[in-house]
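A.B. asks: The structure under discussion is supplied below as C-alpha cells; questions concerning it will follow.
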Amino acid sequence: MEFELKNIIYMVIFLAAITFLTYNLIRYVKYLKLAKNENRFDNIPKRLAKVLGIAFFQKKIYREPTGGFIHLAIFWGFLILLFSASSSVFKGFGIANFWDNLGAINYLITFFTDLFCGLIIIAVLFALIRRYVVKVKRLQMDDKHEKLDALIVLLSIFTIVVGLLFENASAIVLHVDAVYAIRPISSSLALLLNPENAVAIHNIAFWVHSLMILAFMNYLPYSKHFHVYSSIPNVYFSSLEPVNKLDRIDFADETIEQYGVSDVTDYSWKSILDSFTCTHCGRCTAVCPANVTGKPLDPRDIMVQIRNRSFDKLPILLKQNSSKSKEEYKLTEKEQNIIDKIYVGDYQEPGKLWNCTSCGACMQECPVMIEHVPAIVSMRRAKVMMESDFPEELQGLFANLENNGAPWAFSPMERADWAEGLNVPLASDKKEFDVLYWVGCAGSFDDRAKKVSVAFTKLLQKANVDFAILGTEESCNGDLARRTGNEYLADTMIQQNVEVLNQYKFNKIVVTCPHCYNTFKNEYPEFGAKFEVVHHSVFLNELINNGSLIVSNDKQINIAYHDSCYLGRYNSIYDEPRKLLKKVPKINILEPDKTKSKGFCCGAGGGQMFMEEHIGTRVNVERTEQLLKSSPDCIALNCPFCLTMIEDGLKAKDVENVKVKDIAELIFENILN
C-alpha cells in the first residue's frame, strides 16, 4: 500500500471529522445525563424486534404513502450507500476497491448501490417539490432556519449521490472500477463522459463525494436531522408499556421535591432524546384533533420547544458540572437570563397544554416513536400540583371527584339509582360471582349513558350471566384526574377502588367505558391490582358466539362506526365491535374516511369533556361531520363519552334523522331470546 500526498491530506481531514463528530455525539450523551434517570434497558429481544420493524422496515412510515416512499428510498439508499462510503474511506487511505474482497457478492452491492442512487435522486427531487413547490402543509414551518436546514440536507444528499455516480462512471471509463461490479446507471453515465476528462472528473467526484459525506456527518448534530443518528436508539428505547401509560408518582417518598415537569431537567432522559430525535415532519400535528380544529396545540412544537430549552439550558448546566466547584462557577449575564427563563411560559405556551384530548394520534403517527402525550401530561401535573394553575372548569371537576367520587355533583348514594326495578345484584350481597359489571360514572349518572347501562344489564340477565355491580361502593376510576394532571387525587381514588375490589371474589371486570377499560387493564396493575378486564363489545361477542344470546333483524340499516381512542388506539380493539355488529343481519357498516387506527377523536378525552373549547371548531362537530359524510342511518360507538359528544355534534349540525347508539343498545334492540 503506497501513500500519496492526497492520501495524507484525506487521512488528516478524516481524523479531524471523526474527532469533531465524536465530540458532538458525546456532548449529546452528556445532555441526556442531566435529565432524570429512567430504566429503558429491559427486554432486549422485544426492543430489538421493535427496531427491526419500525426503524429498519419503516412500517410506520407507510401510513402516509407519498412521504413514506420518499423516506424509504432515502433511508434504505443510505444503508446501501454505507458500502460506498466505507469504500471511499479505504480509498482515501490508499486501498482501492476494498469490497472486491467479497468476490461475487460485490455484484449485488454495486448493483443495489447504483439502483438506490437513482431512487435517492428521485426521492430528493420529490421532497424538494413537496416542500417548496406544492408546499405540503405539515412540512411548512415559520422558522427560516428550518427551511434553510431542510434545503441544506436535501441538497447535501443529492450532491453525495451525484458525486458517487460520477466517481463510478469515470472509474468505468478509466477501467479502474471494481472487478465484481454491475452498475447500470453509472455505466449509462459513463457513455456520456469524455475519456480525456475522465481522470479530472474521477478525482473531483471522489473529493466531492468523500468531503460531502464528512461534512454532512458533522452538520447533522447541528440540524433537525440529528434523527439520522438518534432515531434507531429512540425506537430501541421506546416504551414497551401500553400506549400512553402514565408513570406512577410515589407520594410516600418524602425526598421528591418536584411533581411533574416545570423545566426540561424534570423530564427523563428519554423525553429529551425524543426532542432530539424529532424530525419535524409534522405527521403528529397533521392528525392532532386540537390542531386540526384550530387550537394552538401543536405536538411537533411541544418537542421543538423541549429541544430549544435543552439546547439553551443544558450546556450551561454542563459547564457548571464540569467546573471544579459548581458553587464557584460564575454565570454570565446571558447565561443567568437563560437559567431564569420559565419553561412553561417562555417556551411552552401554558394554555395549549389544556387543548390535548390525550387521543394518542400524534404518537400513533410518529415514525420514530416519540411520546408526546406523557410529556404534555407531565407539564399538566406540575401546573396542577406545584402551582395550582389550571383552567377554571377543572376546579369543579376536581371538587366533584374528591367529594362525590364522580365528575358531576351527584350524591354518591344515587350511583345505583339507574338500576331501580331491574333486580341487579350487588357485590356486597353476593360476595362471590363470575363477572363484576363496572358501570362507570357516565353509566351511573348521565341520562343518556344510563340507557346503555340498562340495555347491557338486560343482555347480561338474558344470557344468565352471574354478575354483580358495586353500586354505591363504586367510584371514579381516576382516569380524569390523571389525564388532567391531578395525580395525587387520582392516586387516592385508585387506592380506594383497589381496597373495595379486593373485598370480593370474581373472575373478570366487564366495562362499557373504554376509559375504565384502559385504566383497569393497563394502569391499575402498577397499583397492585391485576384483573382480567373485558370491554362489553368483546364480552357480547362471546355471549353470541356461545349461544347465550341470539340476534335477528329484518330491516336494512346503514351504520357509520366510530372508534373510541381509548379502546382502539390505546388497546388495538378495532375488529371485535365490528364483528359484533356484523352478527346482526342486514346491518351494513360504513367506514368514515378517518377510521380504525387513523380514526378521529370525539373530543372528550384528557378532561376535554369538562372544559370549553374557546378557539376554532369544536372537535366533536368536526368528527360528526366526518361520520355524516358516509350518509348513515345510525352512528354506532362503544363509549359513553363518545356518545355524548357525537349526539351534541348532531344537535350542533341540526341533524335529526340520524341516531346515535351504543353497540349494546343495537344488540338489545335485535335480541330474540
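The values are calculated or read from the model by the stated rules, or taken from the named source; none is laboratory data. Values in this document were obtained by computation on a predicted structure and should not be read as measured data. Cβ coordinates were reconstructed from backbone atoms using ideal geometry, including for glycine residues, and neighbour counts include every protein chain displayed. To get the accessible areas, we keep the full protein, side chains included, count just its heavy atoms, and leave off ligands, DNA and RNA. Shrake-Rupley method; radii C 1.70, N 1.55, O 1.52, S 1.80 Å.
A.B. asks: Please work out if S358 is crowded, with 21+ Cβ neighbours inside 10 Å and at positive phi.
C.D. replies: The answer is yes for S358.
A.B. asks: Could you list, ordered by first residue, the pairs with Cβ atoms under 7 Å in which the first is in segment 537-554 and closer than 11 Å to K583 by Cβ and the second is among the charged types (D, E, K, R) and assigned to a helix (DSSP H, G or I), at least 6 apart or interchain?
C.D. replies: N541/E576; N541/K579; L549/K462
A.B. asks: Do we find a residue being of a type outside the set (S, T, Y), open to solvent by 40 Å² or more (accessible area, probe 1.4 Å), more than 32 Å from the chain's Cα centre (by Cα) and modelled with pLDDT of 85 or more anywhere in segment 60-81?
C.D. replies: No, the conditions are met nowhere in segment 60-81.
A.B. asks: List the number of the failed condition for L174; all other conditions in (1) at pLDDT 90 or above; (2) closer than 21 Å to F116 by Cβ; (3) open to solvent by 30 Å² or more (accessible area, probe 1.4 Å) hold.
C.D. replies: That leaves (2) as the condition not met.
A.B. asks: Mind checking which residues of segment 135-149 are touching a residue at least 24 places away in the same chain (Cβ under 8 Å), in a helix (DSSP H, G or I) and surrounded by 13 or more Cβ atoms within 10 Å (Cβ to Cβ)?
C.D. replies: Hits for segment 135-149 are R138, L139, E146, D149.
A.B. asks: Please work out if F90 is open to solvent by 40 Å² or more (accessible area, probe 1.4 Å), assigned to a helix (DSSP H, G or I), touching a residue at least 12 places away in the same chain (Cβ under 8 Å) and within 27 Å of G163 (Cβ to Cβ).
C.D. replies: no
A.B. asks: Then there is this: Can you find a residue in segment 126-134 that is surrounded by fewer than 17 Cβ atoms within 10 Å (Cβ to Cβ), modelled with pLDDT under 90 and not in a helix (DSSP H, G or I)?
C.D. replies: yes
A.B. asks: Condition first: crowded, with 22+ Cβ neighbours inside 10 Å, more than 29 Å from M385 (Cα to Cα) and at pLDDT 95 or above. Can you find one or more residues in segment 265-282 that meet it?
C.D. replies: yes
A.B. asks: Do the conditions hold for K596, that is, is it among the charged types (D, E, K, R) and over 20 Å from the mean Cα position of the chain (by Cα)?
C.D. replies: Taking the combined requirement at face value, the residue does not satisfy it.
A.B. asks: In addition: For segment 568-595, what are the residues that are closer than 18 Å to E665 by Cα and basic (K, R)?
C.D. replies: Once the filter is applied, which keeps residues that are closer than 18 Å to E665 by Cα and basic (K, R), segment 568-595 yields R578, K579, K582, K583, K586.
A.B. asks: Out of everything in segment 643-668 that is over 31 Å from the mean Cα position of the chain (by Cα) and in contact (Cβ under 8 Å) with a residue 60 or more places away in the chain, what residue ends up being surrounded by the most Cβ atoms within 10 Å (Cβ to Cβ)?
C.D. replies: Selected residue: I667.
A.B. asks: Output the residue which, of all residues in segment 627-673 that are out of contact with any Pro (no Cβ under 7 Å at 6 or more places or on another chain), outside any helix (DSSP H, G or I) and hydrophobic (A, V, I, L, M, F, W, C), is nearest to W438 (Cα to Cα).
C.D. replies: First, the residues of segment 627-673 that are out of contact with any Pro (no Cβ under 7 Å at 6 or more places or on another chain): 628, 631-637, 640-657, 659-662, 664-673.
Retained after the next criterion (residues that are outside any helix (DSSP H, G or I)): 631-637, 653-657, 659-662, 670-673.
From the residues that got through so far, the ones that are hydrophobic (A, V, I, L, M, F, W, C) too are 634-637, 655, 660, 671-672.
Numbers: C634: 26, I635: 24, A636: 21, L637: 18, V655: 33, V660: 22, I671: 23, L672: 26 Å.
Ranking the candidates gives L637 first.
A.B. asks: Check whether at least one residue in segment 390-397 is under 25 Å from the mean Cα position of the chain (by Cα) and open to solvent by 10 Å² or more (accessible area, probe 1.4 Å), and report yes or no.
C.D. replies: Scanning segment 390-397 turns up at least one residue that is under 25 Å from the mean Cα position of the chain (by Cα) and open to solvent by 10 Å² or more (accessible area, probe 1.4 Å).
A.B. asks: Is one or more of the residues making up segment 242-264 of a type in the set (G, A, S), buried (at least 21 other Cβ atoms within 10 Å of the Cβ) and at negative phi?
C.D. replies: no
A.B. asks: Against the definition (in a helix (DSSP H, G or I), in contact (Cβ under 8 Å) with a residue 24 or more places away in the chain and farther than 30 Å from N308 by Cβ), how does E167 come out, yes or no? Break it down into steps so the answer makes sense when it comes.
C.D. replies: Working: in a helix (DSSP H, G or I): yes; in contact (Cβ under 8 Å) with a residue 24 or more places away in the chain: yes; farther than 30 Å from N308 by Cβ: yes.
So E167 fits the description; yes.
A.B. asks: Within segment 610-642, restricting attention to residues that are without any contact (Cβ under 8 Å) to a residue 60 or more places away in the chain and under 23 Å from the mean Cα position of the chain (by Cα), which residue is least open to solvent (accessible area, probe 1.4 Å)?
C.D. replies: The selected residue is N620.
A.B. asks: Tally up the residues in segment 482-519 that are crowded, with 24+ Cβ neighbours inside 10 Å and either touching a Cys at 6+ places or on another chain (Cβ under 7 Å) or aromatic (F, W, Y) (or both), please.
C.D. replies: 3
A.B. asks: Additional query: Of the numbered conditions (1) closer than 16 Å to C639 by Cβ; (2) open to solvent by less than 10 Å² (accessible area, probe 1.4 Å); (3) in contact with an Asp or Glu (Cβ under 9 Å, 6 or more places away or on another chain), G443 fails exactly one; give the number of that condition.
C.D. replies: So G443 meets the others, but not (3).
A.B. asks: On to the next question. Out of the residues in segment 557-591 that are in contact with a Phe, Trp or Tyr (Cβ under 8 Å, 6 or more places away or on another chain) and more than 16 Å from G360 (Cβ to Cβ), which is surrounded by the most Cβ atoms within 10 Å (Cβ to Cβ)?
C.D. replies: Among residues in segment 557-591 that are in contact with a Phe, Trp or Tyr (Cβ under 8 Å, 6 or more places away or on another chain) and more than 16 Å from G360 (Cβ to Cβ), the one surrounded by the most Cβ atoms within 10 Å (Cβ to Cβ) is P577.
A.B. asks: L214 - would you say it is in contact with a helix residue (DSSP H, G or I) (Cβ under 9 Å, 6 or more places away or on another chain) and in contact (Cβ under 8 Å) with a residue 12 or more places away in the chain?
C.D. replies: Working: in contact with a helix residue (DSSP H, G or I) (Cβ under 9 Å, 6 or more places away or on another chain): yes; in contact (Cβ under 8 Å) with a residue 12 or more places away in the chain: yes.
Against the criterion (in contact with a helix residue (DSSP H, G or I) (Cβ under 9 Å, 6 or more places away or on another chain) and in contact (Cβ under 8 Å) with a residue 12 or more places away in the chain), L214 qualifies.
A.B. asks: A further question on this structure: In segment 179-214, which residue that is outside any helix (DSSP H, G or I) and either within 41 Å of the chain's Cα centre (by Cα) or surrounded by 18 or more Cβ atoms within 10 Å (Cβ to Cβ) (or both) is modelled with the highest pLDDT?
C.D. replies: Per the criteria, the residue is R183.
A.B. asks: Of all residues in segment 291-306, how many are in a helix (DSSP H, G or I), surrounded by fewer than 21 Cβ atoms within 10 Å (Cβ to Cβ) and either without any contact (Cβ under 8 Å) to a residue 40 or more places away in the chain or not β-branched (V, I, T) (or both)?
C.D. replies: Total meeting the criteria: 2.
A.B. asks: Mind listing whichever residues of segment 455-492 are of a type in the set (F, W, Y) and either in contact with a His (Cβ under 7 Å, 6 or more places away or on another chain) or part of a helix (DSSP H, G or I) (or both)?
C.D. replies: F456, Y488
A.B. asks: Might you let me know whether segment 1-8 holds any residue that is farther than 23 Å from E241 by Cβ, out of contact with any helix residue (DSSP H, G or I) (no Cβ under 9 Å at 6 or more places or on another chain) and either open to solvent by less than 60 Å² (accessible area, probe 1.4 Å) or part of a helix (DSSP H, G or I) (or both)?
C.D. replies: yes
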